[in-house]
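Notes follow once the structure below has been shown.
The values are calculated or read from the model by the stated rules, or taken from the named source; none is laboratory data. For clarity, every value in this text was computed on a predicted model and none was experimentally measured. Please note: Cβ atoms are built from the backbone with ideal geometry, for glycine as well, and neighbour counts cover all protein chains shown.
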């Protein structure tokens, strides 16, 4: 059994394969495994989310291909699995699941590697997969030159195309194209989005946050927080809208983002507040104080609304609940948290086996699906790995 790639999918798969049935080898092109796994932990090691499984599965686009695997190994199963390996978890205020405070990402990785060692899994480093030979063998570039390997069962866990500094470059796609496998071009997801700010506005808003708002693109809505940057906008409030934004950007079009600055208050309530006795100061000061608008919100409203709309209470309240911004592009994929694209899902059967290459499987971010931040992508990698291990064990 040969697993190509040393990320989270590979590590969980190898740890679940029956050691009495399989001699397992992990081939990693870097000098250490889990580099992206560790980088993801720099801002807080978000392993999964505590959301109810019925809602959890709906976060994926599409979700149907993952349902069987996910419900076979849910977020709750993952937390129990980690605990059994000495990794206690906690649920943060946002519902995200992290290791207990004090447990570092490297300690989580070391615990997984220790478990692999006990099961006899061999991890081979500095072995970059270079495609297939004419005879269908695996080709590897190693420190001593090119090597070929005849593999009875092969599982690819090569990741997507975000964070190339970790080795996740998506440069493996041509090897599958040569085999007739359909590849969807990679695109950035969970990334920054470009907004062409007026120069006079940028100095007032750059680096500022919009908090406790609801963001809408198309038919999708998400509550959260974003940061306004010189490039545009980014943050947890907008990342889940990535699929809708990309769809709207197709064919060179712009995507409309609507912001509800006051999701906890109805239009009628805001209008009533605004019609109350005018406070001292200018009209702008009255508006800001009465509706508790931040300086950033006020700067946006003053910039984008006409004078008539700003002074008309009914129109002004409407735009507080439906403030429009135009997104012109996604940020660079190299700076994105994750990517979408890769092997088309129709190229796989229900057990993640490639239909065009016998006894060859692919799981994880190298498949064409989308997952928001918050532990969802990592959970999907673990769920697919667990499902594949269960299938292979049953057939051994």
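Just a few scattered comments:
- Qualifying residue in the stretch 129-146 (condition: crowded, with 16+ Cβ neighbours inside 10 Å and closer than 22 Å to residue 392 by Cα): yes
- Those helices (runs of 4 or more DSSP H) lying entirely in the stretch 28-104 with at least 3 residues under 22 Å from residue 389 (Cα atoms) and without any contact (Cβ under 8 Å) to a residue 24 or more places away in the chain: 75-84
- Of all residues in the stretch 303-336, those satisfying the criterion of being modelled with pLDDT of 95 or more, under 19 Å from residue 231 (Cβ atoms) and assigned to a helix (DSSP H, G or I) are 303, 304.
- Residue in the stretch 337-355 that is part of a helix (DSSP H, G or I), crowded, with 18+ Cβ neighbours inside 10 Å and not assigned by TED's automatic domain parsing to the domain that holds residue 229 present: yes
- Condition broken by residue 237, with the remaining ones in (1) outside any strand (DSSP E or B); (2) closer than 30 Å to residue 137 by Cα satisfied: (2)
- Residue within the stretch 214-224 that is crowded, with 20+ Cβ neighbours inside 10 Å, under 24 Å from residue 339 (Cα atoms) and either in the same structural domain as residue 168 (by TED's automatic domain parsing) or touching a residue at least 40 places away in the same chain (Cβ under 8 Å) (or both) present: yes
- Residue 202 vs. criteria touching a strand residue (DSSP E or B) at 6+ places or on another chain (Cβ under 9 Å), surrounded by fewer than 19 Cβ atoms within 10 Å (Cβ to Cβ) and part of a helix (DSSP H, G or I): yes
- Residue within the stretch 172-180 that is assigned to a strand (DSSP E or B) and within 25 Å of residue 370 (Cβ to Cβ) present: no
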